[in-house]
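Asks: Please read through the structure below; I'll follow up with questions.
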Amino acid sequence: MSDSMVLETQQWLNATYGNDSRFKRVAEDGLTGWGTINGLIRALQIELGIQATADNFGAGTESRFKEAWPNGVAQQADTDTTENNVYAIIQGALWCKGYSTGSHITRHFYGGTGSAVRQLKADMGIDGDSTVDVDVMKSLLSMKQFVLLSNMGGKSQIRLAQQRINRDYRAYTGIVPTDGLYGREMNTALIQVLQALEGFTPAEATGNFGSGTRSRLKTIDASNSLENSQWVWLGSVALVCNGENNQIGAIWSSELQAAISLFQGQYALPSTNILDSTTWMSLLTSKGNPDRPAVACDTRFEMTQARIDTLKANGYRIVGRYLTEPGQASLDPADYFKAIRPGELERIVSSGMSYFPIFQENARQLSDFTAAKGASHAQEAAAAAERLGIPPTVIYYAVDMDLLGNQIDPYLVPYFQAIRNNSGRYGVGIYGSRNVCSQIIQKGLAVTAFVSDMSTGFSGNLGFSIPDQWNFDQFAELGNYKGQGWDLDRVAWSGRWAACDSVGKAAPAGPVANPDMSFLEEWIESASKLSSETLDILGLSSQKPEVGNFILQWMRKPKYWPGSGTSEATGAMWFVYTPEPVYDSARSAVAQACDKISAEMGGIKKSQGVDLHYDAEHMAATALGYRQWGIEAPVNDYGLGDLGGWALDLLSVWGTYKEAAPVTGLSEWLSDNIGKNDACGFGADDAVADADAWLIARHMKDNPGASSLAVAAGSMYARSAAQRVALFYKERFGGNAGNVAQAFRKLVDGIDAGGFENIPLSADVLKRAAKTTTLPTPEEAGVMGFAYGAFMAAQA
């Protein structure tokens, strides 16, 4: 928004210096920006006699300022009528920061300007009189902010820390912003504070975390915290900046220790619950301790048996490899530079290791990131993964450059949207800086990240926390590994998503057969008749949806209701999850109408069973769940409606898997069973019924009315079973197996955390209804979601 005093500042600059070749005229738009700030800098340089002016308050400007005002620019006495352009420059800079100096720009430094300077200093945390010294002047002629920017995510605790840094460590850090934001400048300041505590001089405290800084690190715990209170304070500040602490203080507490524990868990560090060297390094640098333990790595080199043996001997269990490389089609496999070679994945798996696939073709310039290239890259990656026999998993697409925050939306968003829409049965992961990964995940365009923390110079790393959903974290590069002439990158693994432990296993089930739907015509006719007679009984308009709910209630019994052979837990779940409508006088009439038509529909219902291979009861119960709890859920998240459909069936599969205790791994077992074997708890009939339920419930929601169910059934059942499953996959999950995996992982986390008590459905009831005693880990849940997604993808 245009500001009149900023406009006056711009007009004054152009009027005063516009004819000086050392000055660049500024836009007169009333908007604070670098153009105006740089104009003020050049104006000051002209006043200081500098001939080679520049858009930078550098060492030369600083030296000249100190020569002219060794004690700073002081406020004038009220009787002093001296005029100076530098006073106007100070006023203009204050107005650009939002501080009022009076009604107009003047060439005086009286009380109005002095009051504004004192307020600025108070916001900086340094207090003092109205004198503008070189540090204050340098801060004025910058885009630094000194008020809390809560609308941009600024935190009051971080602002208090910034003010204290300005007050106590200014000689080391200069004046840092006090906006409450954790960014690159704040991160550098924290390292300089650490260096001050370690005994470095201000000149030696560069803010670079080198070997000297590492060598002087102290391990802080409860036993030595009293004599190292400033170290405790710094640790608490760093934890707040990294999102693992709420309070800053100089006293060791149980809350601080808990925050340290959470931070170590989030970054997959050794769990010590103290501020040791590894924790300090991860708090203050993106790569952390390059010597810390790691079970994963990535490399461009082929995994020969000798290299695999070397990795295993040194504690590695997972290796990342590249799916393709530019010009691969014209190369002999022996000449590949980085692409996976024939037989390599089989060698990795047979040796007891796992792997994860990476896709990168250049990805080092903005022109590499377009929607067209995203679609092409996703198709190329999926084809390569299929050719190599890689099961459904996450493929990590590289962003191997320092992409700035304002470049993410115009370049990466369309690129990853196209990848997501063309990735088939594979999930989308991203390789890049912390900020790039976090933003793409938050936009729902990737499910997890392979973070390039080793690239410490990337602007998207320093000053940003690691994404909550990270899976791999690249933190150190080792050349000529073990003297064997090949290189690798050391990688931390969070365990959130599984690496691949199989290759070339059975393909997912092909298109499911359409069950015998001969009963449908009569069933739909009866449903329509029931709707019509019920309307006559009630005298209602056609915009009442209750009739369809009553029909679904009748269809699902007794299989999905207490009694009649249903287990106690299953019956209790459906009784709470899909309660019957309240039978007031009007609805009692609807119930009577249902009973009246039941005799006509009874034969149909009786025939809907094993012989026809269509589980109408399942469809009806699941549709009721969606009607009760809604079908609205993000494509990569779960909704409470899902709990009675595909999600419960996946939990049932888990129960069957645990009971069977097969020799094969989970991924292979799921590929052999899900959508193929009814006995596993999630056969083709279940998958079709789940898809039908969601599609019908959505149709009923979008087209309310007494005949809504009949119309929905007629529309949905005009398609084959495979078409309906494929449509559900596309409409519910965006046609992406990674979204299925993400949604199931979140649902399992919700059950684990008691997230369904408000239904109320306890974790115990849900587990017993699904015939399982333990829940899958997030890693296992991801594998299961991918398998279900792969089955649905095969129906298209």
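Asks: Note down all Cβ pairs under 7 Å where the first residue falls in region 686-698 and is in a helix (DSSP H, G or I), the second is open to solvent by less than 10 Å² (accessible area, probe 1.4 Å) and polar (S, T, N, Q), and they're at least six residues apart or on different chains.
Replies: Listed pairs, sorted by first residue: ALA689/THR622; ASP690/THR622; ALA693/THR622.
Asks: Here's something else I'd like to know. From (1) at pLDDT below 95; (2) surrounded by 17 or more Cβ atoms within 10 Å (Cβ to Cβ); (3) over 47 Å from the mean Cα position of the chain (by Cα), pick out the condition that doesn't hold for THR101.
Replies: Of everything listed in (1) at pLDDT below 95; (2) surrounded by 17 or more Cβ atoms within 10 Å (Cβ to Cβ); (3) over 47 Å from the mean Cα position of the chain (by Cα), THR101 misses just condition (3).
Asks: Then there's this: So, of the residues in region 388-427 that are assigned to a helix (DSSP H, G or I) and without any contact (Cβ under 8 Å) to a residue 40 or more places away in the chain, which turns out to be surrounded by the fewest Cβ atoms within 10 Å (Cβ to Cβ)?
Replies: This residue is ASN406.
Asks: What single numbered condition from (1) over 14 Å from PHE416 (Cβ atoms); (2) surrounded by fewer than 17 Cβ atoms within 10 Å (Cβ to Cβ); (3) of a type in the set (Ser, Thr, Tyr) fails to hold for THR370?
Replies: So THR370 meets the others, but not (1).
Asks: Scanning region 243-281 for residues that are of a type in the set (Val, Ile, Thr) and outside any helix (DSSP H, G or I), which turns out most open to solvent (accessible area, probe 1.4 Å)? Write out each step before concluding.
Replies: First pass over region 243-281, keeping only residues of a type in the set (Val, Ile, Thr): 248, 251, 260, 272, 274, 278-279.
Okay, now just the ones that are also outside any helix (DSSP H, G or I), so 248, 251, 272, 274.
Numbers: ILE248: 41, ILE251: 131, THR272: 54, ILE274: 42 Å².
Result: ILE251.
Asks: OK, next. Of (1) within 23 Å of LYS658 (Cα to Cα); (2) in a helix (DSSP H, G or I), GLU731 satisfies all except one. Which?
Replies: Among (1) within 23 Å of LYS658 (Cα to Cα); (2) in a helix (DSSP H, G or I), GLU731 violates only (1).
Asks: To continue, here is another question. Can you name every residue in region 28-60 that is in contact with an Asp or Glu (Cβ under 8 Å, 6 or more places away or on another chain) and aromatic (Phe, Trp, Tyr)?
Replies: Filtering region 28-60 down to residues in contact with an Asp or Glu (Cβ under 8 Å, 6 or more places away or on another chain) leaves 30-32, 34, 38, 41-42, 46.
Matches in region 28-60: TRP34 only.
Asks: Next question. Quick test of your reading of the structure: ASP129 fulfils all but one of (1) buried (at least 17 other Cβ atoms within 10 Å of the Cβ); (2) out of contact with any Pro (no Cβ under 7 Å at 6 or more places or on another chain); (3) not small (Gly, Ala, Ser). Name the failing condition by number.
Replies: (1)
Asks: Limited to region 12-37, what total is found for residues that are open to solvent by less than 30 Å² (accessible area, probe 1.4 Å) and under 43 Å from the mean Cα position of the chain (by Cα)? Steps first, answer last, please.
Replies: Within region 12-37, the subset open to solvent by less than 30 Å² (accessible area, probe 1.4 Å) is 13-14, 17-18, 23, 26, 30, 33, 36-37.
Filter once more, so that each one left must be under 43 Å from the mean Cα position of the chain (by Cα): 26, 30, 33, 36-37.
Of the residues in that region, 5 qualify.
Asks: OK, next. Kindly indicate whether ASN435 is farther than 23 Å from GLU380 by Cα and either of a type in the set (Phe, Trp, Tyr) or open to solvent by 10 Å² or more (accessible area, probe 1.4 Å) (or both).
Replies: Details: farther than 23 Å from GLU380 by Cα: yes; either of a type in the set (Phe, Trp, Tyr) or open to solvent by 10 Å² or more (accessible area, probe 1.4 Å) (or both): yes.
When the stated conditions are applied, ASN435 passes them.
Asks: Does ILE430 satisfy being without any contact (Cβ under 8 Å) to a residue 40 or more places away in the chain, open to solvent by less than 50 Å² (accessible area, probe 1.4 Å) and in a strand (DSSP E or B)? Let's see the steps before the verdict.
Replies: Working: without any contact (Cβ under 8 Å) to a residue 40 or more places away in the chain: yes; open to solvent by less than 50 Å² (accessible area, probe 1.4 Å): yes; in a strand (DSSP E or B): yes.
The answer is yes for ILE430.
Asks: Go over the candidates ALA77, ALA88 one by one and state the one that is surrounded by fewer than 19 Cβ atoms within 10 Å (Cβ to Cβ) and among the aliphatic types (A, V, I, L, M). Let's see the steps before the verdict.
Replies: On the way: ALA88 fails: surrounded by fewer than 19 Cβ atoms within 10 Å (Cβ to Cβ).
Of ALA77, ALA88, the one residue that is surrounded by fewer than 19 Cβ atoms within 10 Å (Cβ to Cβ) and among the aliphatic types (A, V, I, L, M) is ALA77.
Asks: Still on this structure, I have one more. So which of GLY603, GLY609 is open to solvent by 20 Å² or more (accessible area, probe 1.4 Å), modelled with pLDDT under 80 and part of a helix (DSSP H, G or I)? Write out each step before concluding.
Replies: Details: GLY609 fails: part of a helix (DSSP H, G or I).
When all the criteria are applied, what remains is GLY603.
Asks: Kindly check whether there is at least one residue in region 458-467 that is part of a loop (DSSP other than H, G, I, E, B), among the aliphatic types (A, V, I, L, M) and either touching a His at 6+ places or on another chain (Cβ under 7 Å) or over 17 Å from THR448 (Cβ atoms) (or both). Don't jump to the end; show me each part of the working.
Replies: Going through region 458-467, the residues part of a loop (DSSP other than H, G, I, E, B) turn out to be 458-467.
Of the ones still in play, those that are also among the aliphatic types (A, V, I, L, M) are 462, 466.
Pick out the ones that are also either touching a His at 6+ places or on another chain (Cβ under 7 Å) or over 17 Å from THR448 (Cβ atoms) (or both) and you get 462.
The answer is yes; a qualifying residue exists.
Asks: Within the bounds of region 337-359, is there any residue that is open to solvent by less than 60 Å² (accessible area, probe 1.4 Å), under 29 Å from the mean Cα position of the chain (by Cα) and charged (D, E, K, R)?
Replies: Yes, region 337-359 has at least one match.
Asks: From the list ALA375, ALA398, which residue is modelled with pLDDT of 95 or more and closer than 26 Å to LYS746 by Cα? Talk me through it step by step, then tell me what you get.
Replies: On the way: ALA375 fails: closer than 26 Å to LYS746 by Cα.
On inspection, the qualifying residue turns out to be ALA398.
Asks: On to the next question. Among the residues of region 769-789, is any aliphatic (A, V, I, L, M) and either without any contact (Cβ under 8 Å) to a residue 24 or more places away in the chain or open to solvent by 60 Å² or more (accessible area, probe 1.4 Å) (or both)? So that I can check it myself, show each step before the final result.
Replies: Taking region 769-789 and keeping what is aliphatic (A, V, I, L, M), we get 769-770, 775, 781, 783-784, 787.
Then drop every residue that is not either without any contact (Cβ under 8 Å) to a residue 24 or more places away in the chain or open to solvent by 60 Å² or more (accessible area, probe 1.4 Å) (or both), which leaves none.
No, every residue in region 769-789 fails to be aliphatic (A, V, I, L, M) and either without any contact (Cβ under 8 Å) to a residue 24 or more places away in the chain or open to solvent by 60 Å² or more (accessible area, probe 1.4 Å) (or both).
Asks: Oh, and also: Every residue in region 698-713 that is more than 16 Å from PHE728 (Cα to Cα) and either surrounded by fewer than 23 Cβ atoms within 10 Å (Cβ to Cβ) or of a type in the set (Asp, Glu) (or both), please.
Replies: Narrowing region 698-713 to residues more than 16 Å from PHE728 (Cα to Cα): 703-711.
Those that are more than 16 Å from PHE728 (Cα to Cα) and either surrounded by fewer than 23 Cβ atoms within 10 Å (Cβ to Cβ) or of a type in the set (Asp, Glu) (or both): ASN703, PRO704, GLY705, SER707, VAL711.
Asks: Scanning for something closer than 23 Å to ALA59 by Cα, of a type in the set (A, V, I, L, M) and under 31 Å from the mean Cα position of the chain (by Cα), does region 172-188 turn up at least one residue? Outline the logic, then answer.
Replies: Applying the first criterion (closer than 23 Å to ALA59 by Cα) to region 172-188 yields 172-177, 184-188.
When the remaining residues are screened for being of a type in the set (A, V, I, L, M), the result is 175-176, 186.
Narrowing further to those that are under 31 Å from the mean Cα position of the chain (by Cα): 176, 186.
So far as region 172-188 goes, yes, one or more of its residues are closer than 23 Å to ALA59 by Cα, of a type in the set (A, V, I, L, M) and under 31 Å from the mean Cα position of the chain (by Cα).
Asks: Restricting attention to region 615-627, and to residues there that are modelled with pLDDT under 90 and open to solvent by 10 Å² or more (accessible area, probe 1.4 Å), which single residue is farthest from ASN514 (Cα to Cα)?
Replies: Ranking the qualifying residues of region 615-627, first place goes to GLU617.
Asks: Restricting to region 282-332, give me the number of residues that are part of a helix (DSSP H, G or I) and either open to solvent by 70 Å² or more (accessible area, probe 1.4 Å) or under 22 Å from MET353 (Cα atoms) (or both).
Replies: We begin by selecting, within region 282-332, every residue part of a helix (DSSP H, G or I); these are 282-284, 305-313, 328-330.
Now restrict to residues that are either open to solvent by 70 Å² or more (accessible area, probe 1.4 Å) or under 22 Å from MET353 (Cα atoms) (or both): 305-313, 329-330.
Adding up the residues that qualify gives 11.
Asks: Which residues, counting only those in region 455-495, are under 18 Å from ASN242 (Cα atoms), of a type outside the set (D, E, K, R) and open to solvent by 10 Å² or more (accessible area, probe 1.4 Å)?
Replies: THR456, PHE458, SER459, LEU462, PHE464, SER465, GLN469, SER494
Yes/no matrix, rows are residues, columns are (1) β-branched (Val, Ile, Thr); (2) over 18 Å from THR278 (Cα atoms); (3) surrounded by 16 or more Cβ atoms within 10 Å (Cβ to Cβ):
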position: LEU194; (1), (2), (3): no, no, yes
position: GLY212; (1), (2), (3): no, no, no
position: LYS218; (1), (2), (3): no, no, no
position: ALA222; (1), (2), (3): no, no, no
position: LEU226; (1), (2), (3): no, yes, no
position: TRP231; (1), (2), (3): no, no, yes
position: GLY235; (1), (2), (3): no, no, yes
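Asks: On to the next question. Anything in region 51-98 that is of a type in the set (S, T, N, Q) and in contact with a helix residue (DSSP H, G or I) (Cβ under 6 Å, 6 or more places away or on another chain)? List them, or say none. Spell out how you get there, then give the answer.
Replies: Going residue by residue through region 51-98, those that are of a type in the set (S, T, N, Q) are 51, 53, 56, 61, 63, 71, 75-76, 79, 81-82, 84-85, 91.
Scanning region 51-98 gives THR53, THR61, GLN75, ASN85, GLN91.
The values are calculated or read from the model by the stated rules, or taken from the named source; none is laboratory data. This one's a predicted model, so the numbers in the text were calculated from it and none came from an experiment. Reconstructed Cβ throughout: ideal geometry from the backbone, glycine too, with neighbour counts over all protein chains shown. Just the protein is used for accessible areas: all its heavy atoms, side chains included, with ligands, DNA and RNA removed. Shrake-Rupley method; radii C 1.70, N 1.55, O 1.52, S 1.80 Å.
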